[in-house]
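Take a look at the structure set out below.
The values are calculated or read from the model by the stated rules, or taken from the named source; none is laboratory data. Quick caveat, the model's predicted, so the values are computed rather than measured. Cβ placement follows ideal geometry from the backbone for every residue including glycine, while neighbour counts extend to all protein chains displayed. In case anyone asks, the SASA skips ligands and DNA or RNA and just uses the protein heavy atoms, side chains included. Shrake-Rupley method; radii C 1.70, N 1.55, O 1.52, S 1.80 Å.
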Amino acid sequence: MADIRLEGVGHSYDGGRTWALKPMTWTWRSSRAYALLGPSGCGKTTLLNIISGLLSPTVGRIWFDDREVTAVPTAGRNIAQVFQFPVLYEEMSVYDNLAFPLRNRKYPKAEIDQRVRRVSQLLGLDDHLRRRSRRLDPGRQQIVSLGRGLVRSEVAAVLLDEPLTVVDPALKWTLRSKLKEIHRDTGHTLIYVTHDQTEALTFADEVVVLNEGAIVQAGEPTELFLSPAHEFVGHFIGSPGMNVVPAEIADGVVRVAETDVGRAVGELEPGPVHIGVRPEFARLGGEGTSPGLPVQVMEVDRMGAYNLVHVKAGDHPVIAKTEADARFAPGTVEFLHLAPDRTFLFRDSVRCGSIAPLDAGEPLDSIAPLDGKGAP
Amino acid sequence: MTEQSVTVAGSAVGGETVTATAPQDGTPDTRVSVKPKNNRAWFLVLPVVVSVAFTAVIPLMTVVNFSVQDIFSPDDRIFVGLEWFRSVSRDPEIRAAFVRTLLFSAQVLLLEIPLGVALAVAMPRRGIWVSVALVLVALPLLIPWNVVGTIWQIFARADIGLGGWTINNVLGIDFNYTLDSTDAWITVLIMDVWHWTPLVALLAYAGLRSIPDPYFQAAQIDGASAWATFRHIQLPRLRGVLTIAILLRFMDSFMIYTEPFVVTGGGPGNATSFLSILLSKIAVGQFDLGPAGAFSLLYFLVVQIVSYVFFTVLTRAGR
């Protein structure tokens, strides 16, 4: 096990014209479970293949602790990788599949047997060892693929490239808890690639969000939710994603259309800015004591446990999450209140500040206090 | 409201562990479809039935008709039962040709299948050389059979042929396919390998191309050697196309006619006189329609049986 350090690593498939992965410096710390989250085509698999050595980066160097592995071929890196669909040696039994990486490395027979049995016990494959691997269901096949990685000693990291895509939903939960269990038992570094936020948030100690070949934010799931550092993170995590409303800063005050909505906090030049607020922190109500943004209610989606109210602030659609029993009628005008501490300002998609109430001393009756754990 | 929204997010998270269920073993699907039944679908098959009957079944029945009669002239014929089958299957010349043809097919398969697979593995997987390799490999397949025969007839000649001359004068080996049976056999065999290995190579190449990249990547991660990758990833996934290649090459080589007919005419002596050459001699040359009919049917039967055996063995091997 080792820290995996990427030093200025970037990759281009077309000789440097465009970067599939922009040069980045980043360390995957030993024994942690990471989720690498991002939309299709954002460079997730490229990043994974660079770590495992299937791909040589165009620029940069890769270190496992203090050993440089940039030029080391895949077989020499001790990386386990699980692909989107199960990759098996189909004509072999499960036992032979698990033993294959060890036989290739000329381990003694007794040791192979011992390791295979330990891994099969860990993965619950004991009853299937003698079966032809291709006769297993896809979920078990994927477990066997994983086992082939775990059977080697000193696995530096286990890379999982959307491993549950082909598995049917009922089995997904089982497999994911199995993965967590394995992570707990073995302490391997796990990097789990996915484009599914629920998968990422439930699985990982730390979520790394990748967009257009660059890491835009990394942190614990709560942190990404409550405090997005980039508009993309706000959009991508949470359902529905963060609302973005164009605004203007003048004299330290943020205004949307003609309405002042709050004081800008942060070193900010006057000029256009984006306000980002999650539906959870956008509240509708009467004019109240805090300056509300007049909005028109367009539509209400009843979700059962809560309602999603679609409103329009000027021309910009905003979604607010309200109590299930809240009554808002389409066509009426309401006032939108933005929760301070949870409303952020973005410039060029990057967070540059937040919003504070216009008058700091004014009590904010219409805005319920955060429930404590969310406060920074 | 904040509290409510946060618990919503939380319950979505918690929901996953709650809904986790035991892995479901596949239960057999017991639905039975209930649809009205009638026989109108037969009308759709009718055109095929008619054309197959006209082009295959009726001609074949004509051969069956010939095979049980002794025909002296269109008006003068007698029914002889299975007499022709008996005499054909005991004929020493036909038996010798049968063994010869079987041996030829076996050698063709033993040479062309491994060679074709090796060629396919060696061909580039991507890049500009893919099309160059494909065209080069496919070239022999584009040449008509009798032209292939003519090319080799000249190429292998000891006096004016490039190949034959080189073997005699550069390598110093006495080689003359018009006089020596072994030389004639080797010439026909190499000609067939040259002509048809590309077919095996193209089929195998298509099979190899269909293997997704992650299989090769997994093999790299597992530290598999090039041989282990071939043995455990490529070869198992070639089973389907190789079954087709073996069947095609067996049937075709077992029925080979044009090329040896052009190159050696079946000689010297009977050295390259395969079943088809003998059959056409009996049927067209001597106009013995009775024995030729019986011969054809037995020939047909052998091809069917051997192909069936190959197919069954190769498909079973994969289970």
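For chain A, find the longest principal axis of its Cα atoms and tell me its angle to the long axis of helix A:94-104, 0 to 90°, nearest 10. The helix A:94-104 is inclined about 80 degrees to chain A.
Within the assembled protein chains, the solvent-accessible surface assigned to B:TYR257 is about 70 Å², based on a 1.4 Å probe.
Each Lys and Arg contributes +1 and each Asp and Glu -1, all at the Cβ; summed about the Cα centre of the protein assembly as shown, the dipole is approximately 2480 debye. I need the shape label for the protein assembly as shown. Rule: rounded when a/c is under 1.5, else prolate if a/b > b/c, else oblate, with a, b, c from the alpha carbon gyration tensor. Cα axes put the protein assembly as shown in the prolate bin.
Assuming charge only on the beta carbon of Lys and Arg (+1) and of Asp and Glu (-1), the dipole of chain A about its Cα centre is about 2360 debye to the nearest 20. For peptide B:271-279, the mean count of partner chain Cβ atoms within 10 Å of a residue's Cβ comes to 0.
Each of the peptides A:342-352, A:76-86, A:325-335, A:264-274 was scored by the mean count of other Cβ atoms within 10 Å over its residues; in descending order, highest first, they stand as A:76-86, A:342-352, A:264-274, A:325-335. Mean-square fluctuations from a GNM of chain A, with a 10 angstrom spring cutoff on Cα atoms, peak among A:ALA324, A:ALA20, A:ALA339 at A:ALA324.
Take each residue of peptide B:77-85, count the partner chain Cβ atoms within 10 Å of its Cβ, and average: the result is 0. Of the chymotrypsin sites (Phe, Trp or Tyr not before Pro) found in region B:282-319, those that fall in a DSSP loop while having at most 11 other beta-carbon atoms within 10 Å are B:PHE287. Heavy-atom accessible area buried between chains A and B is around 3500 Å² (1.4 Å probe, both sides summed). Considering protein heavy atoms only and a 1.4 Å probe radius, which residues within region A:251-280 exhibit an accessible-area decrease of no less than 30 Å² in the full assembly relative to the chain by itself? Correct list: A:GLU280.
Protection proxy ranking of A:143-154, B:125-136, by the mean of other Cβ atoms within 10 Å over each peptide's residues and highest first, is A:143-154, B:125-136. Where only DSSP H runs of four or more residues are counted, chain B gives -20000 deg cm²/dmol as its mean residue ellipticity at 222 nm, each run worth -39500 (n - 2.57). Taking amide H atoms as placed 1.01 Å from N in the peptide plane, the amide H of A:LEU210 lies under 5 Å from those of A:LEU37, A:GLY38, A:VAL216, each 5 or more residues away in sequence or on another chain.
One chain, two ends: B:THR182 and B:TRP227. Fully extended at 0.36 nm per residue, the span grows by 12.7 nm beyond their Cα-Cα distance. Once the Cα-Cα distance is subtracted from the 0.36 nm per residue extended length, the A:ALA170 to A:ASN104 segment shows a gain of 20.2 nm.
Computed from the Cβ-Cβ distance with R0 of 60 Å, the FRET efficiency linking A:THR332 to A:THR27 stands at 0.70.
Relative to the dominant Cα principal axis of chain A, helix A:169-186 is inclined by about 70°. Between the alpha-carbon centers of region B:44-98 and region A:128-168, tell me the distance in whole angstrom. Cα centroid of region B:44-98 versus Cα centroid of region A:128-168: 59 Å apart. The distance between label points at B:GLN286 and A:ARG17 comes to 7.2 nm (points 7 Å beyond Cα on the Cα→Cβ vector).
Which residues of region B:205-226 end up with at least 30 Å² less accessible area in the presence of all protein chains than when their chain stands alone, using a 1.4 Å probe? Listed in order, they are B:PRO214, B:TYR215, B:GLN217, B:ALA218, B:GLN220, B:ILE221, B:ASP222, B:GLY223. Measuring heavy-atom accessible area with a 1.4 angstrom probe and counting protein chains only, the residues of region A:80-115 that give up at least 30 Å² relative to the chain alone are A:PHE83, A:PHE85, A:VAL87, A:TYR89, A:GLU90, A:GLU91, A:PHE100, A:ASN104.
Among A:LYS44, A:LYS321, A:LYS106, the largest mean-square fluctuation in a Gaussian network model of chain A, built with springs joining Cα atoms closer than 10 Å, belongs to A:LYS106.
Rolling a 1.4 angstrom probe over the protein heavy atoms with all chains in place gives region B:87-317 an accessible area of 49 Å² per residue.
When nucleic acids and ligands are ignored and a 1.4 Å probe is applied, A:PHE100 ends up with an accessible area of around 10 Å². Counting Cβ atoms of other protein chains within 10 Å of each Cβ in A:160-172 and taking the mean gives 2.
Here the 3J(HN,Hα) profile of region A:198-212, calculated from phi with Karplus coefficients 6.51, -1.76 and 1.60 at θ = phi - 60°, is 4, 4, 5, 5, 7, 8, 9, 6, 9, 9, 10, 9, 10, 9, 6 Hz, Gly and Pro shown as x. Karplus-based coupling profile of region A:312-324, in residue order and whole Hz: 10, 9, x, 9, 9, x, 9, 10, 10, 9, 10, 4, 5, with θ = phi - 60° in 6.51 cos²θ - 1.76 cosθ + 1.60 and x standing for Gly or Pro.
Spin-label model, A:ARG135/B:VAL48: points 7 Å from Cα along the beta carbon direction are separated by 3.4 nm.
Is the C-alpha gyration tensor of region B:246-319 telling us rounded, prolate or oblate? Criteria: a/c under 1.5 is rounded; beyond that, a/b larger than b/c is prolate, otherwise oblate.
Values: a/c = 3.79, a/b = 1.74, b/c = 2.18.
Here region B:246-319 falls in the oblate category.
If you sort the three axes of the alpha carbon gyration tensor as a ≥ b ≥ c, you get a/c of 1.5 or more for chain B and a/b no higher than b/c, which makes it oblate. Computed from backbone phi with θ = phi - 60° and the Karplus coefficients 6.51, -1.76 and 1.60, the 3J(HN,Hα) list for region B:194-199 is 4, 6, 10, 4, x, 4 Hz; x is used for glycine and proline. What share of the DSSP beta bridges in the protein assembly as shown is antiparallel, in percent to the nearest 5? About 80 percent, rounded to the nearest 5.
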